[in-house]
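**Student:** This is the structure I want to talk about, given as structure tokens.
The values are calculated or read from the model by the stated rules, or taken from the named source; none is laboratory data. Keep in mind the model is a prediction, meaning the values are calculated, not measured. Every residue, glycine among them, receives a Cβ derived from its backbone with ideal geometry; neighbour counts consider all protein chains shown. Keep in mind that these areas ignore ligands, DNA and RNA; they rest on the heavy atoms of the full protein, side chains included. Shrake-Rupley method; radii C 1.70, N 1.55, O 1.52, S 1.80 Å.
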Amino acid sequence: MGGFWPVPDALAYLAGNWRTVRSVRDLASGDAGEFSGTTVFGPLEGGGLLQRESGTFIWQGVPRPAERTLCLLPGRSPGAVDVCFADGRPFHDLDLASGRHLADHPCSADLYRGEFTVRDTDHWRTVWRVRGPAKDLVLTTDYAREG
């Protein structure tokens, strides 16, 4: 399986609480930061999941609270979801049926290219490579199921 764990039902797999650790590297400046906290995938009214991430982001030695909310809607198959921002704008597709997925998200002149890999029933990872005139970043997030 090449180290990837197939997910037949993405919404069922993601539901619950996950310990979240993200490293952020600015390749242009050499700066690095880290987020640590929790991501909760809970029921979304009308179907799908509401993803709420909260924790602490440390950048240049300064800790600050950080949070974000996304919506995951049923996709074209049980292994897939459509990820939207909290305001309903589309973010990217996500198909975990094979345990690995690549997605792109254009943001102004920058391009976010994400790789999603599922390791097993309790661990998955995202790596976003962001390139463009405003950004040159790598964001790596590891998720581990809690409880």
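**Student:** Pop a pseudo-label 7 angstrom from the Cα along the beta-carbon direction at both ARG89 and ARG129 and give the gap in nm to one decimal.
**Tutor:** For the pair ARG89/ARG129, the computed spacing is 2.5 nm.
**Student:** Further, regarding this structure: So for the pair SER36, GLU115, with labels modelled 7 Å out along Cα→Cβ, what separation do we get in nm?
**Tutor:** Those two pseudo-labels are separated by 2.6 nm.
**Student:** Taking 25 °C and 0.890 mPa s as the conditions, I'd like the Stokes-Einstein D for region 30-147 in µm²/s, using the Kirkwood hydrodynamic radius from alpha carbon pairs.
**Tutor:** Values: Rh = 15.5 Å.
Result for D is 159 µm²/s.
**Student:** Here is a follow-up. Given a 1.4 angstrom probe, what's the average accessible area per residue across the chain, in square angstrom?
**Tutor:** Values: 7900 Å² over 147 residues.
Accessible surface, normalised per residue, equals 54 Å².
**Student:** Next up: I'd like the Kirkwood hydrodynamic radius of region 1-84, using the inverse of the mean 1/r over distinct C-alpha pairs, in Å. Numbers along the way, then the final one.
**Tutor:** Values: mean 1/r = 0.0686 Å⁻¹.
Final number for the Kirkwood radius of region 1-84 is 14.6 Å.
**Student:** Here's something else I'd like to know. Please give the calculated 222 nm ellipticity per residue for the chain, where each DSSP H segment of at least 4 residues contributes -39500 (n - 2.57) and the sum is spread over every residue; nearest 500 deg cm²/dmol? Spell out each step's value before the answer.
**Tutor:** Working: 1 runs with 5 residues, N = 147.
The per-residue figure over the chain is -500 deg cm²/dmol.
**Student:** Which value in nm describes the separation of the simple spin-label points at SER23 and ASP122, placed 7 Å from the Cα toward the beta carbon?
**Tutor:** Reported label-point gap for SER23 and ASP122 is 2.3 nm.
**Student:** Roll a 1.4 angstrom probe over the protein heavy atoms and tell me the percent of accessible area of the chain that is carbon or sulfur.
**Tutor:** On the way: 4310 of 7900 Å².
Ligands and nucleic acids excluded, carbon and sulfur reach 55 percent.
**Student:** Using a cut-off of 10 Å between beta-carbons, work out the net charge of the residues near GLY79 (Lys and Arg +1, Asp and Glu -1, GLY79 not included).
**Tutor:** Details: positive: ARG76; negative: ASP9, ASP95.
Net charge around GLY79: -1.
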